[in-house]
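Participant: The following block contains the structure, expressed as structure tokens.
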Amino acid sequence: MPNSPTTADPPAIEGLDVKVVFIYYFACVTAITALSLSQICHWSLLSPLPYRWGLAVGVIVGAIAAYRNHTQVLAVALPQLSRLEAWLKDNGYQIAETNENLTIYRSPQSWRRGAIILETLGDRRRVYSRAVTIRQLQRDLAEGGL
């Protein structure tokens, strides 16, 4: 059938956007730094000094956190599925929850590494996790050593 309807993938699950992660870390670190420096250095909170340092530290930490912690998506084809499952097992991830087309994996170090969500789309999978985890997974799958 030349005009048969194609089955489109459902929209991706929304995660933490880079801007949201940056603003969260920026605001928290700026406030904590300004308050801490005002106490440690005996600066008045009416002085601009603690806020200047707080803003500088907040921008740096916010940028690093946004780069590492925003949610990223990786599409995995069927031939790579066995390597993906081996990677999850080798890195200590175990199934924590299962839904009709979602499987959530957690490791004992999830507080540090974050969870991995695997969405089933027929013969393909979408993997959702922190950007740093997805980058490592991409490198390991590309090497083919799994």
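Participant: Taking the options Leu35, Leu55, Leu46, Leu84, name whichever one is touching a residue at least 40 places away in the same chain (Cβ under 8 Å) and not charged (D, E, K, R).
Facilitator: Matching residue, one of Leu35, Leu55, Leu46, Leu84: Leu84.
Participant: Can you tell me which residue in the stretch 34-55 is nearest to Tyr24 (Cα to Cα), limited to those that are open to solvent by 70 Å² or more (accessible area, probe 1.4 Å) and not in a loop (DSSP other than H, G, I, E, B)?
Facilitator: So, considering only residues that are open to solvent by 70 Å² or more (accessible area, probe 1.4 Å) and not in a loop (DSSP other than H, G, I, E, B), the one nearest to Tyr24 (Cα to Cα) is Leu55.
Participant: Identify all residues within the stretch 122-140 that are exposed (fewer than 14 other Cβ atoms within 10 Å of the Cβ) and more than 21 Å from Asn69 (Cα to Cα); write none if there are none. Talk me through it step by step, then tell me what you get.
Facilitator: Here is the first cut: in the stretch 122-140, the ones exposed (fewer than 14 other Cβ atoms within 10 Å of the Cβ) are 122-123, 139.
Passing the criteria: Gly122, Asp123.
Participant: For the stretch 111-121, check the following and say yes or no: at least one residue is over 25 Å from Ala66 (Cα atoms) and at pLDDT below 90.
Facilitator: Scanning the stretch 111-121 turns up at least one residue that is over 25 Å from Ala66 (Cα atoms) and at pLDDT below 90.
Participant: Here's another thing I want to ask about it. Give me a count of the residues in the stretch 84-95 that are open to solvent by 60 Å² or more (accessible area, probe 1.4 Å) and assigned to a helix (DSSP H, G or I).
Facilitator: Of the residues in the stretch 84-95, 3 are open to solvent by 60 Å² or more (accessible area, probe 1.4 Å) and assigned to a helix (DSSP H, G or I).
Conditions (1) among the basic types (Lys, Arg); (2) more than 30 Å from Cys28 (Cα to Cα); (3) touching a residue at least 12 places away in the same chain (Cβ under 8 Å), marked per residue:
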site	(1), (2), (3)
Asn91	no, yes, yes
Glu97	no, yes, no
Leu102	no, yes, yes
Ile116	no, no, yes
Gln136	no, no, no
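Participant: Working carefully through the options Ala65, Ala75, find the one that is open to solvent by less than 100 Å² (accessible area, probe 1.4 Å), in contact (Cβ under 8 Å) with a residue 40 or more places away in the chain and under 15 Å from Gln138 (Cα atoms).
Facilitator: Result of the check over Ala65, Ala75: Ala75.
Participant: While we're on this one: Can you say whether Ala31 is part of a helix (DSSP H, G or I) and aliphatic (A, V, I, L, M), as far as the supplied structure shows?
Facilitator: So Ala31 passes the test.
Participant: Let me ask you something else. Suppose we filter the stretch 64-83 for residues that are assigned to a helix (DSSP H, G or I), among the small types (Gly, Ala, Ser) and over 15 Å from the mean Cα position of the chain (by Cα); how many remain?
Facilitator: Filtering the stretch 64-83 for residues assigned to a helix (DSSP H, G or I) gives 64-69, 78-83.
Subsequent filtering for residues that are among the small types (Gly, Ala, Ser) retains 65-66, 82.
Next, only the ones that are over 15 Å from the mean Cα position of the chain (by Cα) stay: 82.
So the count comes out to 1.
Participant: Next question, about the same structure. Looking at the stretch 105-114, which of the residues that are over 16 Å from Glu85 (Cβ atoms) and either in contact with a strand residue (DSSP E or B) (Cβ under 8 Å, 6 or more places away or on another chain) or not small (Gly, Ala, Ser) (or both) is least open to solvent (accessible area, probe 1.4 Å)?
Facilitator: So, considering only residues that are over 16 Å from Glu85 (Cβ atoms) and either in contact with a strand residue (DSSP E or B) (Cβ under 8 Å, 6 or more places away or on another chain) or not small (Gly, Ala, Ser) (or both), the one least open to solvent (accessible area, probe 1.4 Å) is Gly114.
Participant: Also: For Leu102, indicate whether it is in contact with an Asp or Glu (Cβ under 8 Å, 6 or more places away or on another chain), open to solvent by 50 Å² or more (accessible area, probe 1.4 Å) and assigned by the TED database to the domain that holds Gln136. Walk me through it before giving the result.
Facilitator: On the way: in contact with an Asp or Glu (Cβ under 8 Å, 6 or more places away or on another chain): yes; open to solvent by 50 Å² or more (accessible area, probe 1.4 Å): no; assigned by the TED database to the domain that holds Gln136: yes.
No.
The values are calculated or read from the model by the stated rules, or taken from the named source; none is laboratory data. All values derive from a computational prediction rather than experimental measurement. Every residue, glycine among them, receives a Cβ derived from its backbone with ideal geometry; neighbour counts consider all protein chains shown. Please note that ligands, DNA and RNA were not included when accessible areas were found on the heavy atoms of the full protein model with its side chains. Shrake-Rupley method; radii C 1.70, N 1.55, O 1.52, S 1.80 Å.
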